[in-house]
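Bear in mind these aren't lab numbers, they're just calculated from the coordinates by the rules spelled out. Model, not experiment: these values are computed from the prediction. Cβ sites come from the backbone with ideal geometry, for glycine too, and all protein chains shown count toward neighbours.
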Number of protein chains: 2
Amino acid sequence: MNGATTSGELRAHNRSRLLRAVHDCGAARTRSQLTRELGLARGTASVLVAGLVEDELLHEAPAAEHGRGRPTQVPGPHPRGPLALAADVREDAWELAACELGGRATVLAVRPHDGTPEGALGTLGAALAAERGRLGHRVIGTGVALAGPVRHGGLVDIAHLGWRSVDVPRLLGAGREPPLPAGEVFVGNDTAFAALAEARRGRLRGVRVGLHLHVDFDPGGVLVVDGRPLGGATGSGAEFGHMPLIGGERPCPCGAIGCWSMEVGANALLRHAGLEHGGGRGRAQAEHVLATSREAVAANAAALGRGIAALVNAHDPEAVTLSGHGAELYERAGEALRAACEPYLMAIRRERPPRIEGSALGWRGALLGAMESVFDAFLTPGGLECWRRNHADQGRDTPDTRNVMNSTSPAENPL
Amino acid sequence: MNGATTSGELRAHNRSRLLRAVHDCGAARTRSQLTRELGLARGTASVLVAGLVEDELLHEAPAAEHGRGRPTQVPGPHPRGPLALAADVREDAWELAACELGGRATVLAVRPHDGTPEGALGTLGAALAAERGRLGHRVIGTGVALAGPVRHGGLVDIAHLGWRSVDVPRLLGAGREPPLPAGEVFVGNDTAFAALAEARRGRLRGVRVGLHLHVDFDPGGVLVVDGRPLGGATGSGAEFGHMPLIGGERPCPCGAIGCWSMEVGANALLRHAGLEHGGGRGRAQAEHVLATSREAVAANAAALGRGIAALVNAHDPEAVTLSGHGAELYERAGEALRAACEPYLMAIRRERPPRIEGSALGWRGALLGAMESVFDAFLTPGGLECWRRNHADQGRDTPDTRNVMNSTSPAENPL
DNA sequence: GGGATTTTGTTCACGCCTAGAGCATAAACT
DNA sequence: AGTTTATGCTCTAGGCGTGAACAAAATCCC
């Protein structure tokens, strides 16, 4: 990823640059635009595109609109090209999608579950195995978003569901055919994935330093620098919710004291409204409270705002984006949020506060981020070389994998 | 910086890689070691080194120790090679040094000042102008560390000194000959620079995600990711001190409420000991308290520890390093610090806590970090190309700039 | 003490890559 | 229908790193 050293790596580097450019723009740019943007000579682009088409990574279609000269082509995903599987596992249900180069996602399944590791991940593992069998070598990896801290290797803790060091890749792959190669499963925190999606296809696009907060049952937050969320040393960053940002000494299920996450999110919303603590259950109740109780919403928004002030002071982001319930809180009680934020800002931040806004991706962020993480690993010289090798072996003898995208529910374009 | 695209850029990329490797190891590696580490062919290394020697960027000297075969050379700084000027401006004094490739620093001057922008920066500007005149084209840039948030363009606020939007480049360069080209002055926060130095030549070397805390009159902190401190959108990140990490509603001079910085550092130390609030004065008094009052030290260390817990929860660093008074607090009251930290850690962090340790660079961190920031800009294809052009013009006709390093006080090796 | 061994530096033919010029192509404009 | 304009394709020229062959300079060992 860090630049070529030899002439041979130069070609591989430019291949991945071109393919990434196609992916990042959602397959919406013409070949001549891409050539100019990447600063390539037309001849070089010619050779590169021809090679990528040859490898079934790209497919060129005529551009819809013409200017004056010779019409140009639009490089997009190849009909037998790479697919990323992406899953979003929440406290009460999971969702599975297949995504092609450029980011077009097709939802394959949505299923409620019982909140246990086996109940959630066993059924998902079966669905993944089925899809991998059906799609064959086109599957380049699987991204899985989870609502808790993820350590390297895929160990997950979700305190309010009682998950302790749950080995996600094992539960997903146990006894399945074909087995899940370890390097192809990307397990990540839902907030971090939502932030990644926001950085690539949402309101943090082009932002050098941004802060993304995802509020579901409790709040998570992560810093996005140069388009990448910061993952932490063991993979479990994105835990801004577990700082005592607004005081208090309430013990948190995470084991610490006074965490911000006790005051923001669906769990806190239920408590503010005098209902039983949610603990990962009661999404419908929470949504009812959100829709009916002004005071609970205002208190939640104020707690959110006060925490945002602290984070803005510390990190000086250019923009703050909110997803999950955060976007709803901002819509319904934006004034309360801002009013709670302002007194806790440093004077120099108050002069030029970052913009605060709802996510452009709604509740789809985590799923799309899981997809992006798969393509991030694929769109590198190493990833493409791997595809090339696999492709030469088995590419031509599985014609039944053609046109898979058309056989499922209507595709949705995340842009 | 993001990899070569053409053959020409390949050469430039490898030139800067080699030169950076020499700089980062403190000119302590042999040519054959560097060749292996960078994965170059011996022939390529030959050509690259010859080119860099030709451009007066490197100078080869025989290696002191020999193995069995033909003896190798050690590439180091050229006697007429590039120099970085680095200054550390504190509340009561400044220090100026010249640094050659590899990081060897020679202190040129230390001067107390009155704490006003003019008093501090006017005298420093005069000293800088004199050095730039004396050293000529060898000066590749100037790094200036300051004890407050720095916005892009060099605007600095130091609340407890009453500095408001002080334009540092202007005050440094106003009316001087030769004038300071804007691109060559790198103004930065002392904490961020200390963290940079720690990442390159201290205890955060090789650490992917680290947290560096620098405690002087108040605490500053910054996250270090892949060897780079995170600067924030407007350049003024590194302000972890201005989160309400340990509760309280005390108004802070920064304009916010309940900041951690009110409870940690020399200012807090003086207050805990019942003395007048420091406000950037009274370093001697603070050191006296530090040496004599166990209770004040313990309270300060506990506040430091509790904040560290919150930051570790949020960011999951691999290591936490402390500089300034932080290192002293850790030495004298490490137990109190740890005891205050632990209850506020998440359970999953408590199992594998990051290592906490004092800086390897003492109070020199900010100065060395300022130096590193100059070399960071220089050791790029663009920076080296610039040197090459300047050098061809005026390189040969200023023999009086030779051996400058030997004409000043004895050199100190930061390693 | 002299030859064998080992490691490093230098030189050069080779293959690979991109740039850029020239030409072909295909549309819109006049 | 001819001109203009932008794009795609082909081929040559120039640059770069590789790796092998050779030279150099030390240690090791008999």
Original post:
What ³J(HN,Hα) values, in whole Hz, does the Karplus curve 6.51 cos²θ - 1.76 cosθ + 1.60 give for segment B:353-359 when θ = phi - 60°, with x put for Gly and Pro?
Top reply: x, x, 6, 10, 7, x, 5
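Mind checking the mean number of beta-carbon atoms from other chains within 10 Å of the Cβ atoms in B:226-235? Could the numbers behind the result be given before it?
Working: counts 2, 0, 1, 0, 7, 5, 10, 14, 9, 2.
Neighbouring Cβ atoms belonging to other protein chains average 5 per residue here.
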**OP:** Name the nearest-to-axis residue of chain A, judged by Cβ distance to the rotation axis taking chain A onto chain B, and quote that distance in whole Å.
**Re:** A:G3, 1
Subject >> GluC sites (Glu not before Pro) within segment B:314-368, DSSP loop, no more than 11 other Cβ atoms inside 10 Å >> reply: none
Subject >> Neighbour-count order for A:F186, A:F217, fewest beta carbons within 10 angstrom listed first >> reply: A:F186, A:F217
Original post:
Taking chain B as a Gaussian network, where each spring joins two C-alpha atoms under 10 Å apart, which residue of B:A197, B:A256, B:A64 fluctuates the most?
Top reply: B:A64
Original post:
To one decimal in nm, how far is A:G69 from the same spot in the other copies, if labels go 7 Å from Cα toward Cβ? Please give the shortest first.
Top reply: 5.3
Original post:
Can you sort B:H78, B:H66, A:H160 by how many other beta carbons sit within 10 Å, fewest first?
Top reply: B:H66, B:H78, A:H160
Original post:
So what is the relative contact order of segment B:204-359, in percent, for Cα pairs below 8 Å that sit 6 or more residues apart?
Top reply: 24
**OP:** Sort all Cα-Cα distances of segment B:47-131 into consecutive 5 angstrom bins from zero, then give the percent of pairs in each bin up to the one containing the longest distance.
**Re:** 3, 13, 17, 14, 12, 11, 9, 8, 6, 4, 2, 1, 0
Original post:
Which of A:S359, A:S46, A:S16 moves the most in a Gaussian network model of chain A with Cα springs under 10 Å?
Top reply: A:S46
Subject >> Reduced Cα scattering model of segment B:204-359, Debye log10 I(q)/I(0), q = 0.11, 0.14, 0.17, 0.20 Å⁻¹ >> reply: -0.39, -0.65, -0.96, -1.30
Subject >> Tensor-based shape of segment A:1-106 (alpha-carbon gyration tensor, a/c under 1.5 rounded, otherwise prolate or oblate) >> reply: oblate
Original post:
Between copies, how far does the label point of B:R36 sit from its twins, in nm, shortest first, when each point is 7 Å from Cα along Cα→Cβ?
Top reply: 5.0
Original post:
How large is the charge dipole for the protein assembly as shown, taken about the Cα centre, if only the Cβ atoms of Lys, Arg (+1) and Asp, Glu (-1) carry charge, to the nearest 20 debye?
Top reply: 1860
**OP:** With springs only between Cα atoms under 10 Å apart, run a GNM on chain A and tell me which of A:P79, A:P253, A:P343 wobbles the most.
**Re:** A:P343
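Between beta-carbons, use under 13 Å as the cut-off and find the net charge around A:R31, counting Lys and Arg +1, Asp and Glu -1.
Here the charged neighbours net out to +2.
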**OP:** Kindly write out, for segment B:340-346 in residue order, the coupling ³J(HN,Hα) from the Karplus curve 6.51 cos²θ - 1.76 cosθ + 1.60 (θ = phi - 60°), rounded to whole Hz, with x marking Gly and Pro.
**Re:** 6, 6, 4, x, 9, 8, 5
Subject >> Cα gyration tensor shape of segment B:224-293, rounded if a/c is under 1.5, else prolate or oblate by comparing a/b with b/c >> reply: prolate
**OP:** Please give the net charge around A:A238, taking every other residue with its beta carbon less than 14 angstrom from that of A:A238, where Lys and Arg add +1 and Asp and Glu add -1.
**Re:** -4
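Using DSSP loop states and a limit of at most 11 other Cβ atoms within 10 Å to flag trypsin sites (Lys or Arg not before Pro), what is the longest stretch of chain B containing no flagged site? Display every interim value, and only then the final one.
Details: sites that count: B:R68, B:R396.
Counting at most 11 other Cβ atoms within 10 Å as exposed, the longest clean stretch of chain B is B:69-395.
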**OP:** Give me a single rounded figure for B:248-259: the average over its residues of other chain Cβ atoms within 10 Å of their Cβ.
**Re:** 4
**OP:** Run through the DSSP bridge list for chain A and note the antiparallel percent, rounded to the nearest 5.
**Re:** 60
Original post:
So in the protein assembly as shown, what percent of DSSP beta bridges are antiparallel if you round to the nearest 5?
Top reply: 60
Subject >> Rg/Rg_globular for chain A, with Rg_globular taken as 2.2 N^0.38 Å and Rg from C-alpha atoms >> reply: 1.03
Original post:
Measuring from a point 7 Å out along Cα→Cβ, what nm distances, shortest first, does A:R208 have to its partners in the other copies?
Top reply: 2.5
Original post:
Can you pull the Rg over Rh of the protein assembly as shown, Cα-only, Kirkwood?
Top reply: 0.98
Original post:
Considering every residue in B:35-44, what mean count of other chain Cβ atoms within 10 Å of its Cβ is obtained?
Top reply: 1
Original post:
Hey, fewest Cβ within 10 Å first, where do A:Y344, B:Y330 land in order?
Top reply: B:Y330, A:Y344
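First check a/c for segment B:64-113, with a ≥ b ≥ c the square roots of the eigenvalues of its C-alpha gyration tensor; if it is under 1.5, answer rounded, and if not, answer prolate when a/b is larger than b/c or oblate otherwise. Mind dumping the intermediate values first?
Details: a/c = 5.35, a/b = 3.31, b/c = 1.61.
Judged from the Cα gyration tensor, segment B:64-113 comes out prolate (a/c at least 1.5, a/b above b/c).
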**OP:** Could you tell me how many degrees, from 0 to 90 and to the nearest 10, lie between the Cα long axis of helix A:294-315 and the main elongation axis, the longest principal axis, of the Cα atoms of chain A?
**Re:** 60
**OP:** Round to a whole angstrom and tell me the spacing of the C-alpha centers of segment A:53-97 and segment B:307-368.
**Re:** 47
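Which peptide among A:365-374, B:371-380 comes first, and what is the full order, when sorted by highest mean count of other Cβ atoms within 10 Å?
A:365-374, B:371-380
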